[in-house]
Ligand SMILES: [Zn+2]
Ligand SMILES: [Zn+2]
Ligand SMILES: [Zn+2]
Ligand SMILES: [Zn+2]
Ligand SMILES: [Zn+2]
Ligand SMILES: [Zn+2]
Ligand SMILES: [Zn+2]
């Protein structure tokens with residue numbers, strides 16, 4: 001599809017050093033325990049729920065749907081003084097929109113009656129005959145063995161049954177069934193249908209009415225999860241389309257893909273299409289095993305976090321995604337977490353146009369691979385986390401409670417950590433689709449985005465590792481461990497910090513990274529000499545680790561920010577009164 | 001063949017088709033299969049098919065009259081709503097079918113379709129395009145085809 005997109009600016013990285021958004025304005029302080037957080041439960045709740053004070057949707061089960069349907073039918077039937085069967089036909093015709101039914105009816109009742117086949121009186125004048133010829137089987141029957149819709153076109157019950165049941169078994173079109181007479185449009189309602197057909201067909205018909213209420217109604221949709229029978233009723237005008245079904249599946253109400261906040265539906269659709277088109281090229285990405293970058297033995301990934309330790313004797317610690325040394329990833333370097341960035345090899349000395357094109361095509365695939373691998377890996381990492389959480393809740397929490405002599409209520413922080421991991425993996429995954437489509441030439445936005453994404457990712461890796469590995473020690477312990485309280489403090493802290501990082505990321509992407517403009521001045525204060533982004537030709541894309549991103553120590557002192565936000569840890573310039581990242585004010589101390 | 005269980009309706013329809021045929025139309029059941037009809041329709045006057053005799057086949061499926069009969073032209077015909085295989089684009093043969101319609105009404109509708117081709121709802125894209133681009137020329141072709149393929153019968 002968008003081959004233009006894929007190719008754009010593939011060799012345009014020399015210009016990267018305009019207003020580079022430095023990644024390390026003060027984040028170096030986050031070495032494990034130095035972050036500030038508040039782990040009282042109250043404050044946790046107030047931050048995690050402030051997006052969703054007003055639920056913008058309702059999850060409906062079958063009974064709820066029927067009840068709502070009955071309610072609107074009653075309303076229309078009462079207001080228009082028509083039978084319930086007619087009200088149901090009208091509502092079906094106007095997609096269950098009560099207002100539309102009202103408007104149309106009171107504007108021109110006759111037209112509406114004609115369009116929907118709701119006749120007021122019979123159109124044939126043979127009402128007094130004792131016997132009729134059935135227009136379908138051509139047999140004569142006494143009148144009391146024949147049926148007609150409001151029009152008075154009589155057919156024998158056997159023919160009616162065949163007619164209605166054929167229509168029901170043809171699909172939901174039976175909800176619009178009309179009299180068999182080809183010149184007549186009289187509607188055939190559920191009352192007549194229930195007199196004529198088998199119990200099985202009645203069930204089918206009533207199922208179609210139910211489905212119509214969900215599927216034709218603009219406010220309602222089925223949950224797309226396989227086998228789920230819940231529907232979701234959505235209130236128009238709410239800020240987010242993300243809904244969470246009672247079956248635990250979260251999806252976007254607008255496009256019914258899995259939830260993809262903060263990335264918009266169009267980008268998601270493009271990305272999914274792209275993945276389909278490239279699926280053959282990308283199969284190898286989904287392999288679960290990679291050679292250790294040091295000893296070359298195949299290492300299998302059977303954990304959620306990306307921090308891999310090779311088996312003894314090698315024990316090399318590396319990053320699953322970029323195969324770089326783990327020590328380069330944030331914590332120790334005090335530097336820029338750049339694993340999320342895609343860097344194109346420089347196009348030096350390529351004068352041959354054909355060769356340049358080949359190189360660009362290769363880069364475009366390499367670029368896509370970079371984003372796709374991160375998208376897909378976060379996806380599988382999330383699934384692993386979902387399974388781990390289930391295991392945690394069904395087995396481990398109880399075991400841990402025994403071993404560490406803690407009541408289960410005191411272990412809530414573990415579940416919260418895992419829920420945070422699951423949500424963050426989802427967000428992070430979609431930000432890679434976002435990153436893929438973010439134009440290369442919007443340097444400031446790109447760098448701001450990669451910075452936020454990098455920080456969020458780095459925080460998440462620490463959180464995931466802590467929940468996955470450090471917890472293991474306490475699970476396997478013989479009895480209560482000394483360090484358990486420290487562990488609790490650390491995990492709860494990482495949860496809270498990671499949540500803040502992701503809230504920043506989500507907010508920034510939902511604003512279309514518009515903060516870049518207002519923050520431009522601040523971001524430019526960091527000297528472009530610190531720019532570590534561009535690797536040499538054949539850099540990370542090929543699995544080597546020649547990154548040159550460690551910039552912290554060379555930063556001129558006067559550029560260093562003066563205060564760190566206690567809410568999101570963003571480093572703000574001295575002149576700012578409120579946090580430039582989250583707009584909150586520091587509490588007075 | 002399986003004529004023993006023929007519904008009364010089909011028997012009555014057949015009798016009426018034979019005793020009171022519609023003008024320009026003849027339909028007679030095959031001897032081996034009473035659900036299979038050999039049909040002939042005369043090209044309507046004032047149409048490019050005038051003077052032609054068009055052979056069709058009509059079959060009443062098991063579900064008839066709940067399902068529509070299957071009809072197709074056996075004689076080649078140049079018409080925007082009829083394709084190379086003789087299949088016919090006609091609403092009452094599809095979603096507008098009603099069991100209160102009959103073989104007779106179907107054949108009358110097909111005859112009417114010959115008088116009033118509808119290139120806006122085409123089955124044969126090329127012929128429909130031709131019809132819209134240059135109707136006089138398309139009508140000429142239809143006449144030629146009528147002479148070529150529908151005059152001998
Ligand atoms: Zn009628
Ligand atoms: Zn009958
Ligand atoms: Zn569901
Ligand atoms: Zn969406
Ligand atoms: Zn190794
Ligand atoms: Zn990495
Ligand atoms: Zn802040």
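Quick notes
- Annotation for region A:155-185 versus region A:429-506: alpha-carbon center distance of 61 Å.
- Taking the Kirkwood radius as Rh and the Cα radius of gyration as Rg, region A:144-192 has a ratio of Rg/Rh equal to 0.93.
- C-alpha long axis of helix B:103-115 to longest principal axis of chain B, angle in °: 0 degrees
- Estimated inter-spin distance, residue A:272 and residue A:239, nm [label 7 Å along Cα→Cβ]: 2.5 nm
- For region A:273-311 and region A:97-124, distance of Cα centres in Å: 62 Å
- Counting neighbouring beta carbons within 10 Å and listing from fewest to most, the residues A:409, A:74 come out as A:409, A:74.
- Region B:90-132: mean projected area of Cα convex hull, nm²: 3.2 nm²
- Degrees, to the nearest 10: B:135-149 long Cα axis against longest axis of chain B: 50 degrees
- Relative contact order (percent, whole number), region A:63-220, Cα cutoff 8 Å, 6+ residue spacing: 23 percent
- Counting only alpha carbon atoms, the long axis of helix B:8-19 and the longest principal axis of chain B meet at about 60°.
- Residues of region A:425-447 with amide N under 14 Å of the 7 Å Cα→Cβ point at residue A:511: A:445
- Residue order, fewest to most surrounding Cβ atoms within 10 angstrom, among B:63, A:215, A:478, A:416: A:478, B:63, A:215, A:416
- Gyration tensor (alpha-carbon) shape descriptor, region B:30-86, a/c threshold 1.5: prolate
- Intensity falloff of region B:8-150 expressed as log10 I(q)/I(0), Debye formula with alpha-carbon point scatterers, at q = 0.12, 0.15, 0.16 Å⁻¹: -0.48, -0.73, -0.82
- Ranking of A:272, B:127 by count of other Cβ atoms within 10 Å, fewest first: A:272, B:127
- Most mobile listed residue (B:43, B:24, B:52) in chain B, GNM with C-alpha springs under 10 Å: B:24
- Net length gained if the chain between residue A:577 and residue A:102 were fully extended (0.36 nm per residue, minus Cα distance): 165.5 nm
- Panel note: the C-alpha atoms of region A:63-220, placed on their principal axes, show extents of 48, 35, 22 Å (largest first).
None of the figures in this text is laboratory data; all of them are computed from the coordinates on show. These numbers were taken from a predicted model, which means no experiment stands behind them. Cβ sites come from the backbone with ideal geometry, for glycine too, and all protein chains shown count toward neighbours.
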